[in-house]
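Here the structure comes first, spelled out in C-alpha coordinates, and everything after it is commentary.
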Amino acid sequence: MAIAVRNLTKFYGQEKAVDDISFDVKTGEILGFLGPNGAGKTTTMKIITCYLPASGGTVEVDGLSVSEQSFEVRRKIGYLPEMNPLYHDMNVVEYLEYAAQLQGVQDSHIRSRLKEMTEVCGIGDVRHKDIGELSKGYRQRVGLAQAMIHDPEVLILDEPTSGLDPNQIVEIRNLIRQLGRAKTVILSTHILPEVQATCDRVVIIHEGRIAADGTPQQLQSQFRGADQLALELKASVANALTDIVPKIKAVSSVENVTYGTQEGETHRFLVDVARGTDVREELFRLAVQERWVMLELSRRATSLEEVFHKLTVGS
Amino acid sequence: MDKSLILLSTRNTATIFKKELRSYFNSAVAYVVIVVFLAIIGWFHTSNLFLMNVASMRLMFELVPIVFLFVVPAITMRLLAEETKAGTIELLTTKPLHDGEIVAGKFLAAWALIGVALLPTLFYYITIAFLGRIDNGPVIGGYLGLLLMAGVYVSVGLLASSLTENQIVAFIIGFLMALVLFMFDKVLFYVPESLTSIFEYLGIDYHFSNIARGVIDTRDIVYFLSVLGFMLYLTVVSLGRRRW
(Lines give C-alpha, C1' and ligand atoms only; values in the text may rest on other atoms or scores of the structure.)
Protein backbone atom coordinates (compact mmCIF):
# COMPACT_ATOMS: atom_id res chain seq x y z
CA MET A 1 0.00 0.00 0.00
CA ALA A 2 2.46 2.59 -1.18
CA ILE A 3 1.88 6.30 -1.24
CA ALA A 4 3.37 8.38 -4.01
CA VAL A 5 3.40 12.17 -3.80
CA ARG A 6 4.50 13.94 -6.96
CA ASN A 7 5.17 17.67 -7.36
CA LEU A 8 2.49 18.49 -4.85
CA THR A 9 1.68 22.19 -4.56
CA LYS A 10 -0.94 23.94 -2.50
CA PHE A 11 -1.90 27.59 -2.43
CA TYR A 12 -4.05 29.23 0.20
CA GLY A 13 -5.09 32.28 -1.76
CA GLN A 14 -1.78 33.86 -2.70
CA GLU A 15 0.21 32.05 -0.10
CA LYS A 16 2.11 28.93 -1.06
CA ALA A 17 1.79 26.40 1.74
CA VAL A 18 3.28 23.43 -0.05
CA ASP A 19 5.79 23.99 -2.81
CA ASP A 20 6.41 21.23 -5.32
CA ILE A 21 7.17 18.35 -2.98
CA SER A 22 7.64 14.73 -4.02
CA PHE A 23 8.23 11.69 -1.87
CA ASP A 24 7.27 8.04 -1.60
CA VAL A 25 6.20 5.92 1.30
CA LYS A 26 6.74 2.22 0.87
CA THR A 27 4.34 -0.42 2.10
CA GLY A 28 4.87 -1.19 5.76
CA GLU A 29 7.04 1.84 6.32
CA ILE A 30 6.60 4.35 9.14
CA LEU A 31 7.43 7.76 7.75
CA GLY A 32 8.11 10.65 10.08
CA PHE A 33 7.03 13.97 8.74
CA LEU A 34 9.11 16.56 10.43
CA GLY A 35 9.09 20.31 10.31
CA PRO A 36 8.55 23.47 12.30
CA ASN A 37 5.00 24.68 12.77
CA GLY A 38 3.57 26.07 9.57
CA ALA A 39 5.96 24.13 7.35
CA GLY A 40 3.18 22.47 5.39
CA LYS A 41 2.98 19.11 7.16
CA THR A 42 -0.69 19.33 8.02
CA THR A 43 -1.62 20.67 4.61
CA THR A 44 0.13 17.76 2.91
CA MET A 45 -1.67 15.29 5.15
CA LYS A 46 -5.01 16.94 4.50
CA ILE A 47 -4.43 16.51 0.79
CA ILE A 48 -3.47 12.85 1.16
CA THR A 49 -6.64 12.19 3.18
CA CYS A 50 -8.81 13.91 0.54
CA TYR A 51 -9.88 16.73 2.86
CA LEU A 52 -8.32 19.44 0.71
CA PRO A 53 -7.67 19.42 -3.02
CA ALA A 54 -4.15 19.99 -4.30
CA SER A 55 -3.44 23.11 -6.34
CA GLY A 56 -1.00 21.11 -8.44
CA GLY A 57 0.70 17.74 -8.59
CA THR A 58 -0.67 14.32 -7.77
CA VAL A 59 -1.00 12.01 -4.80
CA GLU A 60 -1.58 8.31 -5.28
CA VAL A 61 -2.43 5.81 -2.59
CA ASP A 62 -1.92 2.28 -3.82
CA GLY A 63 -2.13 3.57 -7.36
CA LEU A 64 -5.44 5.37 -6.72
CA SER A 65 -5.52 9.10 -7.27
CA VAL A 66 -6.83 11.11 -4.33
CA SER A 67 -8.60 13.54 -6.63
CA GLU A 68 -10.08 11.03 -9.09
CA GLN A 69 -10.79 8.06 -6.84
CA SER A 70 -11.29 9.84 -3.56
CA PHE A 71 -13.87 7.33 -2.35
CA GLU A 72 -11.66 4.29 -2.72
CA VAL A 73 -8.76 6.16 -1.15
CA ARG A 74 -10.81 7.28 1.83
CA ARG A 75 -11.83 3.68 2.45
CA LYS A 76 -8.19 2.63 2.75
CA ILE A 77 -7.05 5.45 5.00
CA GLY A 78 -7.34 5.84 8.74
CA TYR A 79 -6.88 9.45 9.76
CA LEU A 80 -6.21 11.17 13.03
CA PRO A 81 -6.46 14.90 12.36
CA GLU A 82 -4.46 17.53 14.19
CA MET A 83 -5.87 18.34 17.66
CA ASN A 84 -7.78 15.03 17.58
CA PRO A 85 -11.35 16.36 17.21
CA LEU A 86 -13.97 14.23 18.95
CA TYR A 87 -17.66 14.40 19.83
CA HIS A 88 -17.58 15.15 23.52
CA ASP A 89 -21.21 14.25 24.10
CA MET A 90 -20.86 10.69 22.82
CA ASN A 91 -19.51 7.82 24.82
CA VAL A 92 -16.57 5.80 23.56
CA VAL A 93 -18.54 2.83 22.27
CA GLU A 94 -21.16 4.99 20.55
CA TYR A 95 -18.45 7.01 18.89
CA LEU A 96 -16.45 4.04 17.66
CA GLU A 97 -19.64 2.43 16.34
CA TYR A 98 -20.48 5.63 14.51
CA ALA A 99 -17.00 5.80 13.00
CA ALA A 100 -17.16 2.13 12.00
CA GLN A 101 -20.51 2.56 10.27
CA LEU A 102 -19.33 5.61 8.38
CA GLN A 103 -16.17 3.79 7.36
CA GLY A 104 -18.36 1.13 5.82
CA VAL A 105 -17.53 -1.69 8.23
CA GLN A 106 -20.20 -4.35 7.84
CA ASP A 107 -22.70 -4.44 10.68
CA SER A 108 -21.80 -8.04 11.49
CA HIS A 109 -18.14 -7.09 11.96
CA ILE A 110 -18.61 -3.93 13.97
CA ARG A 111 -18.85 -5.69 17.31
CA SER A 112 -15.65 -7.67 16.87
CA ARG A 113 -13.73 -4.68 15.50
CA LEU A 114 -14.90 -2.61 18.43
CA LYS A 115 -13.78 -5.25 20.88
CA GLU A 116 -10.40 -5.55 19.24
CA MET A 117 -9.78 -1.81 19.11
CA THR A 118 -10.79 -1.18 22.72
CA GLU A 119 -8.39 -3.95 23.73
CA VAL A 120 -5.47 -2.89 21.56
CA CYS A 121 -5.80 0.77 22.46
CA GLY A 122 -6.42 0.05 26.13
CA ILE A 123 -9.70 1.89 26.43
CA GLY A 124 -11.80 -1.00 27.75
CA ASP A 125 -12.13 0.60 31.17
CA VAL A 126 -13.60 3.82 29.84
CA ARG A 127 -15.75 2.48 27.04
CA HIS A 128 -19.02 3.65 28.58
CA LYS A 129 -17.77 7.06 29.59
CA ASP A 130 -18.52 10.23 27.67
CA ILE A 131 -15.52 11.31 25.64
CA GLY A 132 -15.73 14.78 27.20
CA GLU A 133 -14.90 13.26 30.59
CA LEU A 134 -11.75 11.48 29.44
CA SER A 135 -8.19 12.60 30.06
CA LYS A 136 -6.11 13.72 27.14
CA GLY A 137 -4.21 10.44 26.97
CA TYR A 138 -7.41 8.43 26.75
CA ARG A 139 -8.85 10.78 24.17
CA GLN A 140 -5.77 10.26 22.04
CA ARG A 141 -6.30 6.51 22.32
CA VAL A 142 -9.92 6.92 21.29
CA GLY A 143 -8.73 9.00 18.33
CA LEU A 144 -6.32 6.24 17.33
CA ALA A 145 -8.99 3.57 17.79
CA GLN A 146 -11.29 5.60 15.56
CA ALA A 147 -8.60 5.88 12.89
CA MET A 148 -8.06 2.13 12.89
CA ILE A 149 -11.58 0.87 13.41
CA HIS A 150 -11.84 -0.34 9.81
CA ASP A 151 -8.38 -1.90 9.82
CA PRO A 152 -7.05 0.50 7.19
CA GLU A 153 -3.92 -0.23 5.24
CA VAL A 154 -2.73 3.34 5.53
CA LEU A 155 -2.59 5.42 8.70
CA ILE A 156 -2.17 9.18 8.62
CA LEU A 157 -1.51 10.61 12.07
CA ASP A 158 -1.14 14.35 12.50
CA GLU A 159 0.83 15.05 15.68
CA PRO A 160 -0.51 12.03 17.55
CA THR A 161 1.42 12.82 20.72
CA SER A 162 0.97 16.57 21.03
CA GLY A 163 -0.19 17.74 24.41
CA LEU A 164 0.50 14.47 26.20
CA ASP A 165 2.69 14.00 29.24
CA PRO A 166 5.98 12.08 28.83
CA ASN A 167 4.55 8.76 30.03
CA GLN A 168 1.58 9.00 27.72
CA ILE A 169 3.88 9.93 24.84
CA VAL A 170 5.85 6.72 25.36
CA GLU A 171 2.64 4.69 25.51
CA ILE A 172 1.15 6.19 22.36
CA ARG A 173 4.47 5.83 20.59
CA ASN A 174 4.65 2.14 21.45
CA LEU A 175 1.09 1.73 20.34
CA ILE A 176 1.84 3.32 16.99
CA ARG A 177 4.90 1.17 16.50
CA GLN A 178 3.01 -1.96 17.41
CA LEU A 179 0.07 -1.12 15.15
CA GLY A 180 2.23 0.25 12.39
CA ARG A 181 4.00 -3.03 11.82
CA ALA A 182 1.56 -4.20 9.19
CA LYS A 183 0.54 -0.78 7.90
CA THR A 184 1.90 2.12 5.96
CA VAL A 185 2.09 5.02 8.36
CA ILE A 186 2.76 8.72 7.96
CA LEU A 187 3.05 10.58 11.21
CA SER A 188 3.85 14.22 11.61
CA THR A 189 5.55 15.73 14.58
CA HIS A 190 7.88 18.45 15.64
CA ILE A 191 9.27 16.39 18.47
CA LEU A 192 12.56 14.97 17.28
CA PRO A 193 13.16 12.08 19.66
CA GLU A 194 9.80 10.79 18.53
CA VAL A 195 11.07 10.34 15.02
CA GLN A 196 14.18 8.56 16.17
CA ALA A 197 12.05 6.32 18.37
CA THR A 198 9.32 5.39 15.94
CA CYS A 199 10.14 6.03 12.32
CA ASP A 200 11.91 4.07 9.63
CA ARG A 201 12.34 7.14 7.50
CA VAL A 202 12.23 10.88 7.93
CA VAL A 203 11.14 13.63 5.59
CA ILE A 204 12.03 17.07 6.86
CA ILE A 205 9.87 19.76 5.39
CA HIS A 206 10.55 23.47 5.70
CA GLU A 207 8.63 26.39 4.23
CA GLY A 208 6.67 24.03 2.03
CA ARG A 209 9.72 22.31 0.58
CA ILE A 210 11.46 19.06 1.35
CA ALA A 211 14.72 19.85 3.10
CA ALA A 212 15.88 16.29 3.70
CA ASP A 213 14.70 12.74 3.13
CA GLY A 214 16.30 9.58 4.53
CA THR A 215 16.62 7.27 7.50
CA PRO A 216 17.45 8.98 10.80
CA GLN A 217 20.97 7.50 10.59
CA GLN A 218 21.50 8.72 7.05
CA LEU A 219 20.48 12.21 7.95
CA GLN A 220 22.78 12.25 10.93
CA SER A 221 25.81 11.27 8.93
CA GLN A 222 24.88 13.38 5.93
CA PHE A 223 24.63 16.54 7.92
CA ARG A 224 27.56 15.93 10.21
CA GLY A 225 29.85 18.88 10.06
CA ALA A 226 32.91 19.16 12.23
CA ASP A 227 33.09 16.77 15.14
CA GLN A 228 32.90 18.12 18.61
CA LEU A 229 34.45 17.08 21.88
CA ALA A 230 33.21 17.99 25.31
CA LEU A 231 35.96 18.53 27.82
CA GLU A 232 35.75 19.18 31.53
CA LEU A 233 38.87 20.11 33.44
CA LYS A 234 40.07 21.27 36.76
CA ALA A 235 42.65 23.92 36.10
CA SER A 236 43.72 27.09 37.81
CA VAL A 237 44.13 29.21 34.72
CA ALA A 238 41.22 28.85 32.39
CA ASN A 239 42.38 31.33 29.80
CA ALA A 240 45.67 29.53 29.31
CA LEU A 241 43.68 26.58 28.18
CA THR A 242 41.91 28.32 25.34
CA ASP A 243 45.37 29.41 24.26
CA ILE A 244 47.14 26.11 24.56
CA VAL A 245 44.65 23.61 23.20
CA PRO A 246 44.31 25.16 19.73
CA LYS A 247 47.98 24.36 19.21
CA ILE A 248 46.95 20.81 18.53
CA LYS A 249 46.57 20.41 14.82
CA ALA A 250 43.00 19.71 13.64
CA VAL A 251 41.47 21.72 16.45
CA SER A 252 39.59 24.58 14.87
CA SER A 253 38.20 26.34 17.91
CA VAL A 254 37.71 26.04 21.64
CA GLU A 255 34.77 27.50 23.39
CA ASN A 256 34.56 27.98 27.12
CA VAL A 257 31.09 26.99 28.22
CA THR A 258 31.63 27.04 31.98
CA TYR A 259 28.41 27.82 33.79
CA GLY A 260 28.30 30.72 36.21
CA THR A 261 28.88 29.15 39.59
CA GLN A 262 30.60 25.90 38.93
CA GLU A 263 32.41 24.42 41.85
CA GLY A 264 36.07 25.22 42.37
CA GLU A 265 38.13 25.62 39.27
CA THR A 266 36.17 23.31 37.05
CA HIS A 267 35.81 24.49 33.47
CA ARG A 268 33.88 23.08 30.58
CA PHE A 269 34.94 23.46 26.99
CA LEU A 270 33.61 22.50 23.63
CA VAL A 271 36.38 21.67 21.22
CA ASP A 272 35.65 21.67 17.52
CA VAL A 273 37.88 19.42 15.48
CA ALA A 274 38.09 18.69 11.79
CA ARG A 275 35.71 16.03 10.59
CA GLY A 276 36.93 12.48 11.02
CA THR A 277 39.90 13.28 13.24
CA ASP A 278 40.35 12.12 16.78
CA VAL A 279 42.41 14.28 19.09
CA ARG A 280 41.39 12.72 22.38
CA GLU A 281 44.76 11.10 22.90
CA GLU A 282 46.61 14.33 22.29
CA LEU A 283 44.29 16.16 24.63
CA PHE A 284 44.97 13.62 27.31
CA ARG A 285 48.73 13.97 26.96
CA LEU A 286 48.40 17.72 27.01
CA ALA A 287 46.38 17.56 30.21
CA VAL A 288 49.02 15.37 31.84
CA GLN A 289 51.77 17.66 30.73
CA GLU A 290 50.00 20.77 32.03
CA ARG A 291 48.83 19.00 35.19
CA TRP A 292 45.15 19.54 34.57
CA VAL A 293 42.75 17.13 36.16
CA MET A 294 40.51 15.76 33.43
CA LEU A 295 36.95 15.09 34.59
CA GLU A 296 35.31 14.42 31.28
CA LEU A 297 36.28 13.87 27.71
CA SER A 298 33.59 12.75 25.31
CA ARG A 299 32.60 12.88 21.67
CA ARG A 300 29.34 14.44 20.75
CA ALA A 301 27.49 12.91 17.83
CA THR A 302 25.37 15.13 15.64
CA SER A 303 21.81 14.64 16.76
CA LEU A 304 18.79 14.81 14.57
CA GLU A 305 18.02 17.97 16.46
CA GLU A 306 21.08 19.64 15.05
CA VAL A 307 20.27 18.40 11.57
CA PHE A 308 16.81 19.83 11.95
CA HIS A 309 18.11 23.10 13.33
CA LYS A 310 20.66 23.42 10.56
CA LEU A 311 18.07 22.78 7.88
CA THR A 312 15.32 24.98 9.19
CA VAL A 313 17.14 27.84 10.85
CA GLY A 314 20.80 27.66 9.88
CA SER A 315 20.29 28.15 6.18
CA MET B 1 -21.25 16.60 -7.24
CA ASP B 2 -24.36 15.98 -9.32
CA LYS B 3 -23.42 12.35 -9.35
CA SER B 4 -22.98 12.37 -5.60
CA LEU B 5 -26.48 13.71 -5.05
CA ILE B 6 -28.00 10.83 -6.94
CA LEU B 7 -25.94 8.12 -5.34
CA LEU B 8 -26.74 8.87 -1.71
CA SER B 9 -26.39 5.81 0.43
CA THR B 10 -29.30 5.31 2.78
CA ARG B 11 -27.04 3.53 5.25
CA ASN B 12 -24.74 6.51 5.65
CA THR B 13 -27.66 8.92 5.82
CA ALA B 14 -29.33 6.73 8.42
CA THR B 15 -26.12 6.60 10.48
CA ILE B 16 -25.86 10.39 10.55
CA PHE B 17 -29.60 10.72 11.19
CA LYS B 18 -29.50 8.39 14.20
CA LYS B 19 -26.42 10.05 15.65
CA GLU B 20 -27.94 13.54 15.40
CA LEU B 21 -31.31 12.50 16.76
CA ARG B 22 -29.66 10.73 19.67
CA SER B 23 -27.58 13.78 20.34
CA TYR B 24 -30.77 15.90 20.50
CA PHE B 25 -32.30 13.58 23.04
CA ASN B 26 -29.06 13.10 25.00
CA SER B 27 -28.75 16.81 25.49
CA ALA B 28 -31.58 18.94 26.78
CA VAL B 29 -32.36 20.36 23.32
CA ALA B 30 -35.14 17.95 22.40
CA TYR B 31 -36.96 18.28 25.70
CA VAL B 32 -36.66 22.06 25.78
CA VAL B 33 -38.09 22.27 22.27
CA ILE B 34 -41.00 19.99 23.10
CA VAL B 35 -41.83 21.81 26.32
CA VAL B 36 -41.54 25.27 24.75
CA PHE B 37 -43.81 24.15 21.97
CA LEU B 38 -46.46 22.72 24.22
CA ALA B 39 -46.34 25.59 26.67
CA ILE B 40 -46.61 28.42 24.16
CA ILE B 41 -49.19 26.75 21.99
CA GLY B 42 -51.15 25.42 24.92
CA TRP B 43 -51.38 28.83 26.54
CA PHE B 44 -52.33 30.95 23.55
CA HIS B 45 -54.49 28.28 22.08
CA THR B 46 -56.69 27.49 25.06
CA SER B 47 -56.88 31.02 26.43
CA ASN B 48 -58.74 32.21 23.35
CA LEU B 49 -60.50 29.00 22.43
CA PHE B 50 -63.56 29.60 24.55
CA LEU B 51 -63.76 33.27 23.62
CA MET B 52 -64.04 32.31 19.98
CA ASN B 53 -66.42 29.51 20.75
CA VAL B 54 -65.58 27.65 17.54
CA ALA B 55 -64.27 24.11 17.45
CA SER B 56 -61.24 24.66 15.20
CA MET B 57 -57.47 24.59 15.45
CA ARG B 58 -57.07 27.75 13.43
CA LEU B 59 -55.43 29.57 16.31
CA MET B 60 -52.77 26.98 16.63
CA PHE B 61 -52.02 26.98 12.93
CA GLU B 62 -51.63 30.75 13.04
CA LEU B 63 -49.34 30.61 16.00
CA VAL B 64 -47.01 27.74 15.21
CA PRO B 65 -45.45 29.34 12.08
CA ILE B 66 -44.31 32.24 14.26
CA VAL B 67 -42.97 29.92 16.95
CA PHE B 68 -41.15 28.01 14.20
CA LEU B 69 -39.29 31.19 13.25
CA PHE B 70 -37.47 31.07 16.57
CA VAL B 71 -37.44 27.41 17.44
CA VAL B 72 -36.26 25.89 14.17
CA PRO B 73 -33.08 27.97 13.80
CA ALA B 74 -32.32 27.12 17.44
CA ILE B 75 -32.55 23.43 16.60
CA THR B 76 -30.47 23.65 13.45
CA MET B 77 -27.82 26.14 14.53
CA ARG B 78 -25.38 23.59 15.90
CA LEU B 79 -25.75 20.94 13.20
CA LEU B 80 -22.81 22.02 11.05
CA ALA B 81 -21.40 25.04 12.91
CA GLU B 82 -20.40 22.87 15.85
CA GLU B 83 -18.66 20.33 13.61
CA THR B 84 -16.71 23.09 11.92
CA LYS B 85 -15.72 24.64 15.22
CA ALA B 86 -14.69 21.38 16.87
CA GLY B 87 -12.91 20.18 13.73
CA THR B 88 -14.97 17.00 13.61
CA ILE B 89 -16.11 18.03 10.13
CA GLU B 90 -12.65 16.93 9.02
CA LEU B 91 -13.26 13.45 10.42
CA LEU B 92 -16.65 13.30 8.80
CA THR B 93 -15.56 14.46 5.36
CA THR B 94 -12.54 12.17 5.21
CA LYS B 95 -14.77 9.14 5.71
CA PRO B 96 -16.01 7.47 2.53
CA LEU B 97 -19.33 9.29 2.35
CA HIS B 98 -20.78 12.09 0.26
CA ASP B 99 -21.37 15.58 1.58
CA GLY B 100 -24.98 15.09 0.46
CA GLU B 101 -25.38 12.20 2.89
CA ILE B 102 -24.13 14.33 5.75
CA VAL B 103 -26.58 17.11 4.85
CA ALA B 104 -29.49 14.71 4.31
CA GLY B 105 -28.92 12.91 7.61
CA LYS B 106 -28.72 16.11 9.60
CA PHE B 107 -31.70 17.63 7.82
CA LEU B 108 -33.87 14.60 8.51
CA ALA B 109 -32.86 14.48 12.17
CA ALA B 110 -33.86 18.10 12.81
CA TRP B 111 -37.05 17.67 10.81
CA ALA B 112 -37.94 14.55 12.75
CA LEU B 113 -37.43 16.41 16.01
CA ILE B 114 -39.96 19.03 14.91
CA GLY B 115 -42.32 16.23 14.00
CA VAL B 116 -41.90 14.69 17.43
CA ALA B 117 -42.51 18.07 19.05
CA LEU B 118 -45.72 18.48 17.05
CA LEU B 119 -47.07 15.07 18.02
CA PRO B 120 -48.31 16.02 21.50
CA THR B 121 -50.37 18.85 19.99
CA LEU B 122 -52.67 16.13 18.67
CA PHE B 123 -53.89 16.09 22.24
CA TYR B 124 -55.39 19.54 21.65
CA TYR B 125 -57.13 18.15 18.61
CA ILE B 126 -58.67 15.37 20.65
CA THR B 127 -59.85 17.85 23.29
CA ILE B 128 -61.47 20.10 20.72
CA ALA B 129 -63.05 17.19 18.93
CA PHE B 130 -64.73 16.39 22.23
CA LEU B 131 -66.02 19.90 22.66
CA GLY B 132 -67.63 20.34 19.27
CA ARG B 133 -67.79 19.28 15.67
CA ILE B 134 -64.39 19.90 14.12
CA ASP B 135 -63.75 20.19 10.38
CA ASN B 136 -61.01 17.67 9.68
CA GLY B 137 -59.90 19.06 6.31
CA PRO B 138 -58.11 22.15 7.70
CA VAL B 139 -56.61 20.07 10.49
CA ILE B 140 -55.00 17.59 8.11
CA GLY B 141 -53.97 20.40 5.78
CA GLY B 142 -52.67 22.42 8.71
CA TYR B 143 -50.46 19.64 9.98
CA LEU B 144 -49.18 18.86 6.51
CA GLY B 145 -48.48 22.55 5.99
CA LEU B 146 -46.66 22.79 9.30
CA LEU B 147 -44.46 19.84 8.43
CA LEU B 148 -43.62 21.27 5.01
CA MET B 149 -42.96 24.68 6.50
CA ALA B 150 -40.74 23.15 9.18
CA GLY B 151 -38.86 21.32 6.42
CA VAL B 152 -38.16 24.59 4.65
CA TYR B 153 -37.05 26.29 7.87
CA VAL B 154 -34.82 23.37 8.77
CA SER B 155 -33.16 23.50 5.35
CA VAL B 156 -32.69 27.25 5.73
CA GLY B 157 -31.27 26.80 9.22
CA LEU B 158 -28.94 24.06 8.04
CA LEU B 159 -27.63 26.33 5.29
CA ALA B 160 -27.06 29.07 7.89
CA SER B 161 -25.24 26.58 10.10
CA SER B 162 -22.93 25.62 7.25
CA LEU B 163 -21.89 29.24 6.71
CA THR B 164 -20.25 29.88 10.06
CA GLU B 165 -18.62 28.12 12.97
CA ASN B 166 -20.42 30.33 15.48
CA GLN B 167 -23.75 28.89 16.60
CA ILE B 168 -25.19 32.25 17.61
CA VAL B 169 -24.38 33.67 14.20
CA ALA B 170 -25.91 30.58 12.62
CA PHE B 171 -29.06 31.15 14.65
CA ILE B 172 -29.33 34.78 13.64
CA ILE B 173 -28.70 34.09 9.94
CA GLY B 174 -31.18 31.21 10.02
CA PHE B 175 -33.78 33.33 11.77
CA LEU B 176 -33.35 36.24 9.36
CA MET B 177 -33.57 34.04 6.28
CA ALA B 178 -36.69 32.35 7.61
CA LEU B 179 -38.12 35.75 8.49
CA VAL B 180 -37.55 36.98 4.94
CA LEU B 181 -39.43 33.98 3.57
CA PHE B 182 -42.17 34.63 6.11
CA MET B 183 -42.43 38.35 5.36
CA PHE B 184 -42.64 38.23 1.56
CA ASP B 185 -46.42 38.15 1.46
CA LYS B 186 -46.74 40.52 4.45
CA VAL B 187 -45.20 43.50 2.67
CA LEU B 188 -47.30 43.42 -0.50
CA PHE B 189 -48.64 46.85 0.42
CA TYR B 190 -45.21 48.42 -0.04
CA VAL B 191 -44.28 46.59 -3.21
CA PRO B 192 -44.81 47.93 -6.75
CA GLU B 193 -47.90 46.41 -8.25
CA SER B 194 -45.97 44.57 -10.95
CA LEU B 195 -44.08 42.61 -8.29
CA THR B 196 -46.90 41.73 -5.93
CA SER B 197 -47.67 38.37 -7.48
CA ILE B 198 -44.01 37.37 -7.32
CA PHE B 199 -43.73 38.43 -3.69
CA GLU B 200 -46.90 36.63 -2.87
CA TYR B 201 -45.64 33.48 -4.52
CA LEU B 202 -42.35 33.67 -2.60
CA GLY B 203 -44.09 34.10 0.74
CA ILE B 204 -44.04 30.90 2.75
CA ASP B 205 -47.08 31.89 4.81
CA TYR B 206 -49.14 32.40 1.67
CA HIS B 207 -48.62 28.78 0.65
CA PHE B 208 -49.04 27.58 4.18
CA SER B 209 -52.42 29.29 4.61
CA ASN B 210 -53.54 27.80 1.30
CA ILE B 211 -52.83 24.32 2.55
CA ALA B 212 -54.10 25.08 6.04
CA ARG B 213 -57.46 25.94 4.58
CA GLY B 214 -57.69 22.29 3.71
CA VAL B 215 -57.00 22.72 0.02
CA ILE B 216 -53.97 20.67 -0.88
CA ASP B 217 -52.75 22.11 -4.14
CA THR B 218 -49.69 20.73 -5.94
CA ARG B 219 -48.50 24.29 -6.62
CA ASP B 220 -48.06 24.86 -2.91
CA ILE B 221 -46.40 21.50 -2.40
CA VAL B 222 -44.04 22.25 -5.29
CA TYR B 223 -43.16 25.57 -3.67
CA PHE B 224 -42.22 23.97 -0.36
CA LEU B 225 -40.28 21.10 -1.88
CA SER B 226 -38.39 23.28 -4.33
CA VAL B 227 -37.31 25.84 -1.71
CA LEU B 228 -36.33 23.01 0.60
CA GLY B 229 -34.39 21.22 -2.14
CA PHE B 230 -32.66 24.39 -3.24
CA MET B 231 -31.57 25.21 0.32
CA LEU B 232 -30.20 21.71 0.83
CA TYR B 233 -28.37 21.95 -2.48
CA LEU B 234 -26.81 25.24 -1.37
CA THR B 235 -25.83 23.60 1.92
CA VAL B 236 -24.02 20.81 0.08
CA VAL B 237 -22.25 23.41 -2.06
CA SER B 238 -21.33 25.41 1.03
CA LEU B 239 -20.02 22.33 2.80
CA GLY B 240 -17.82 21.56 -0.19
CA ARG B 241 -16.35 25.05 -0.35
CA ARG B 242 -13.04 23.90 1.14
CA ARG B 243 -12.47 22.30 -2.25
CA TRP B 244 -12.77 25.54 -4.16
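Pairs under 8 Å by beta carbon, first residue closer than 11 Å to A:Tyr98 by Cα in the stretch B:1-20, partner of a type in the set (S, T, N, Q) and modelled with pLDDT of 85 or more, six or more apart or different chains? Note: pairs meeting the criteria are B:Asn12/A:Gln101; B:Thr15/A:Gln101. Can you confirm whether the stretch A:53-73 contains a residue that is within 10 Å of chain B (Cβ to nearest Cβ) and within 30 Å of B:Tyr24 (Cα to Cα)? Looking for residues that are within 10 Å of chain B (Cβ to nearest Cβ) and within 30 Å of B:Tyr24 (Cα to Cα), one finds at least one in the stretch A:53-73, hence yes. The residues on offer are A:Lys41, A:Lys10, A:Lys46, and the sole one that is away from chain B (no Cβ under 11 Å), in contact with a helix residue (DSSP H, G or I) (Cβ under 9 Å, 6 or more places away or on another chain) and buried (at least 16 other Cβ atoms within 10 Å of the Cβ) is A:Lys10.
Of all residues in the stretch A:78-123, those being surrounded by fewer than 22 Cβ atoms within 10 Å (Cβ to Cβ), more than 9 Å from chain B (Cβ to nearest Cβ) and small (Gly, Ala, Ser) number 3.
Considering A:Val93, A:Val105, the condition of being farther than 30 Å from A:Gly63 by Cβ and either of a type in the set (A, V, I, L, M, F, W, C) or modelled with pLDDT of 90 or more (or both) is satisfied by A:Val93 alone.
Note on the stretch B:85-100: among residues that are crowded, with 19+ Cβ neighbours inside 10 Å and more than 9 Å from chain A (Cβ to nearest Cβ), the one that is nearest to the chain's Cα centre (by Cα) is B:Gly100. Of the residues making up the stretch B:44-69, those that are under 25 Å from B:Ala110 (Cβ atoms) and in a helix (DSSP H, G or I) number 12.
Flag not set for A:Ile77, criterion: in contact with a Cys (Cβ under 6 Å, 6 or more places away or on another chain) and either acidic (Asp, Glu) or at pLDDT 90 or above (or both).
Being among the aromatic types (Phe, Trp, Tyr), touching a residue at least 24 places away in the same chain (Cβ under 8 Å) and touching a helix residue (DSSP H, G or I) at 6+ places or on another chain (Cβ under 8 Å) is the requirement here; does B:Phe44 meet it? Spelling it out, it is not the case that B:Phe44 is among the aromatic types (Phe, Trp, Tyr), touching a residue at least 24 places away in the same chain (Cβ under 8 Å) and touching a helix residue (DSSP H, G or I) at 6+ places or on another chain (Cβ under 8 Å).
Of all residues in the stretch A:198-216, none are of a type in the set (Asp, Glu), more than 24 Å from A:Met45 (Cα to Cα) and at pLDDT 80 or above.
Total residues in the stretch B:117-144 satisfying the condition of being crowded, with 16+ Cβ neighbours inside 10 Å and closer than 26 Å to B:Ala28 by Cα: the figure is 5. Entry remark, the stretch B:187-244: residues being touching a residue at least 60 places away in the same chain (Cβ under 8 Å), surrounded by 13 or more Cβ atoms within 10 Å (Cβ to Cβ) and not in a helix (DSSP H, G or I) number 3 in total. When the stretch A:80-105 is filtered for residues that are on the phi < 0 side of the Ramachandran plot, among the aliphatic types (A, V, I, L, M) and in a loop (DSSP other than H, G, I, E, B), the ones remaining, listed by number, are A:Leu86, A:Met90, A:Val105. Does the stretch B:131-150 contain at least one residue that is touching a Phe, Trp or Tyr at 6+ places or on another chain (Cβ under 9 Å), outside any helix (DSSP H, G or I) and away from chain A (no Cβ under 14 Å)? So far as the stretch B:131-150 goes, yes, one or more of its residues are touching a Phe, Trp or Tyr at 6+ places or on another chain (Cβ under 9 Å), outside any helix (DSSP H, G or I) and away from chain A (no Cβ under 14 Å).
The values are calculated or read from the model by the stated rules, or taken from the named source; none is laboratory data. For clarity, every value in this text was computed on a predicted model and none was experimentally measured. Every residue, glycine among them, receives a Cβ derived from its backbone with ideal geometry; neighbour counts consider all protein chains shown.
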